[in-house]
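A quick write-up on the structure given underneath.
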Amino acid sequence: MTVMARMRWGAVVVVAGAAMLYAGDKKDKPKPGGQMVDSGSFGVFVKGQRVLTETFSVQQENGISTVKSRLKGTGASDSAVQSSELQMTGSAELVKYEWSDSSGSLLVTPNNEFLLEKITTAASSKPAEQPFLMPSTSAILDNNFFVHREVLAWRYLKTNCGNESGEFRCKKDPGEYGVLVPQDRTSLRVRMELVGREKVTIRGTERELLRLNLLGENFAWALWVDDKDQFKLMRVVIADDSTEVVRD
């Protein structure tokens with residue numbers, strides 16, 4: 001996965017009336033069975049060449065949202081696959097985050113006022129531990145998992161946006177979030193803002209989508225979501241890395 005080493009991350013969002021991750025009220029009784037919020041795959045292209053495919057699913061059951069993802073490079077063997085699973089409550093509190101590939105694994109869980117990351121490598125059976133002074137509502141945005149950006153976008157849209165007199169509007173101030181990037185063992189702050197509707201071409205078809213900007217100290221990402229289909233993430237452009245991500 002060295003092709004993607006420069007890439008870091010982004011995010012996405014959801015609004016009232018859509019099937020979203022954080023729509024449930026804590027007082028609501030859990031519905032029997034799970035609800036599939038989103039599933040599919042993203043193709044990741046660098047300078048027009050496909051380098052990665054991310055297969056993902058987002059499901060809700062008994063008040064817990066589970067986000068699963070699998071990354072595989074073009075032409076890579078199964079030994080090069082990365083897998084992750086993120087679990088959150090209906091109020092966006094982290095339950096756990098797990099990641100693994102052939103070289104090792106990591107686990108992030110809340111621990112009082114901290115997030116505790118445990119890292120296991122193939123060379124050592126004893127996990128190394130690293131605490132982060134961050135609340136359990138901090139977002140997970142791990143390297144190369146674009147579904148994590150979709151989940152953040154939903155969170156932003158639900159909190160900061162809504163319909164006013166039949167028009168979709170967001171607060172003028174960007175949404176700001178503390179995030180953890182587990183594979184990098186680092187934390188930082190990002191902000192997201194709504195740009196507006198734009199016409200974009202996806203797989204040869206022109207579509208009108210909502211554009212969001214995801215910004216950090218050293219990066220700027222553009223994301224497009226479909227407000228006519230539960231605000232699903234459709235496209236990401238990272239201009240500085242000549243990278244485009246498109247839903248298959």
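Read the figures in this text as sums done on the coordinates, not as results from a lab. Treat the numbers as computed from the prediction; the structure is a model and nothing was measured. Using ideal geometry, Cβ is built from the backbone for each residue, glycine included, and neighbour counts are taken over all protein chains shown.
One chain, two ends: residue 45 and residue 189. Fully extended at 0.36 nm per residue, the span grows by 49.2 nm beyond their Cα-Cα distance. Taking every alpha-carbon pair in the range 102-186 and binning the separations at 5 Å intervals from zero gives 3, 12, 19, 18, 16, 12, 7, 5, 4, 2, 1, 0 percent.
In the structure shown, the pairs 68/158; 72/126; 96/199; 118/171; 47/228; 158/199 are assessed against 32 Å; a Cα-Cα span above that value is assigned to 96/199; 118/171. Maximal additional length on extending the residue 80-residue 125 stretch stands at 14.1 nm, based on 0.36 nm per residue less the C-alpha distance. Dividing the summed helix terms, -39500 (n - 2.57) for each DSSP H run of n ≥ 4, by the number of residues in the chain produces a 222 nm estimate of -2000 deg cm²/dmol to the nearest 500. Distance between the 7 Å Cα→Cβ label points at residue 163 and residue 206: 2.7 nm.
So for the chain, averaging the separation of alpha carbon pairs under 8 Å that are six or more residues apart and normalising by length, what relative contact order in percent results? Before the final figure, lay out each step's value.
Details: 580 pairs, mean separation 49.0, N = 248.
So the answer I get is 20 percent.
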